[in-house]
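**Q** The structure is given below, and queries will be raised subsequently.
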Amino acid sequence: GGCVGGQMDQDTSGGAGRSEAGAMTDTERMQQMDALACSMRGAEKERLIPALELMVKIASAILEKSADEKVRRIKTSGNAFKKIAIFASLTTLLETSGFVTRKEEGEEVIRFPERASLYLLSEMRSLIQRELRLIKPAVIPAAAASTPVDREMRVFVRGEQQVDAGRFVVPEHFFEVTAGDVRSAAASAAKNNMMMTKTMREAAKPKYKFALIRVRFPDGYIIQGKFRPAEKHRAVKLWVNSCLATPDRAYHLSTMPPVQKITSKQYLDKTLSETDLVPATLLNFFWEDGINDVGPMVSSEVIDKAEILRPDSALIPANEAEKPKWLEKRENSTLRSAGSGSGAAGGGG
């Protein structure tokens, strides 16, 4: 997102705007880098993806080993660099981020000079990673979707302690970008006396590899399973079906207020990310016929796995100062609901 127009640019004519790049301010450079990255949308993905991945690899090597002379120097005649060179916008993007093209020992190289800004290079990498996120899902979702996720199911039942089932521990390995990464990005920007740009803020937002879904039944049982953010509500419904004593009986699953019936037809093919059920949410289970007193709701195999829901089964992050926004939003919603007399607890997304 966030692009200002721009069309795909694919040729071997080299980067336009080379001469004026040196006179630009860092803010102007970042704006031009954003426009150049956006201009690649629509290019042939089979050629563009390897080029973008190579640029990320080059930038990462320099950022990790900035004192290493070898990683700062790339031969333009090498087969690897030709993946980038076929796109004029990408060579211009490299130059705008600080790379210079020169002759060294009789051959043309592109070099990242010692005086060049690592901050701008990091920004360029963030832009390229953004573009990769936009185009790669269209190429590789089948492989990801075919890999089953272990639901790591847990079953809870309420004990004497009144524990809020909507409060979760979200394990660190669920995150692709952690709170530490966010702090590191902010510190890097501050060190360079610059504001974090929109692209940096987007790149530094917490991103999740997994989501925890809890389903609370009227008879007190709570089931918990692990999902990928890109999985659809249909997958949640299939999982719940497998836990029921009477899976052929009609039911629906609803979020906490504002209520979404995630098992209704218009939601079944939406992903957990699309409906803000990531990284954790509590759903309520209702029989469509409204009758809740006809035998057990979950199967005997599920009941056998039950453990008492304790405070340490469902803690918020230990450091309140790092409480994620999804949790603050849920708690604020809970307070508003309680204030209006509904008394709803917990919730999702």
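**Q** For a Förster distance of 51 Å, can you work out the FRET efficiency between the beta-carbons of VAL259 and GLU64, rounded to the nearest 0.05?
**A** Values: r = 47 Å, r/R0 = 0.92.
It comes out at approximately 0.60.
**Q** In addition: Enumerate the amide H contacts of VAL298 below 5 Å, restricted to partners 5 or more residues apart or on another chain; note that Pro and chain-start residues carry no placed amide H.
**A** It is ALA245, by chain and number.
**Q** To continue, here is another question. Starting from the Cα of ASP26, step 7 Å along the direction of its Cβ; do the same at ASP248; then give the gap between the two resulting points in nm.
**A** My value for the distance between the label points is 6.8 nm.
**Q** Using the structure shown, select from LYS232/LYS261; LYS136/LYS270; LYS261/LYS305; LYS57/LYS82 the pairs with a Cα to Cα distance greater than 25 angstrom.
**A** Result: LYS261/LYS305 exceed 25 Å.
**Q** Take GLU95, GLU107 and sort them by solvent-accessible surface of the protein heavy atoms, 1.4 Å probe, largest at the top.
**A** Numbers: GLU95 20, GLU107 55 Å².
Accessible-area ranking of GLU95, GLU107, largest first: GLU107, GLU95.
**Q** Calculated FRET efficiency, LYS75 and GLU274, Cβ-Cβ r, R0 45 Å, to nearest 0.05?
**A** According to the calculation, E is roughly 0.50.
**Q** In whole Hz, with x marking every Gly and Pro, tabulate ³J(HN,Hα) for the stretch 268-275 from phi via Karplus 6.51 cos²θ - 1.76 cosθ + 1.60, θ = phi - 60°.
**A** 4, 9, 8, 8, 4, 5, 4, 10
The values are calculated or read from the model by the stated rules, or taken from the named source; none is laboratory data. Note that this is a predicted model, so its numbers are computed, not measured. For neighbour counting, all protein chains shown are included, and Cβ atoms are generated from backbone atoms with ideal geometry for every residue, glycine included. We work out accessible area using only protein heavy atoms, side chains counted, and drop any ligands, DNA or RNA first. Shrake-Rupley method; radii C 1.70, N 1.55, O 1.52, S 1.80 Å.
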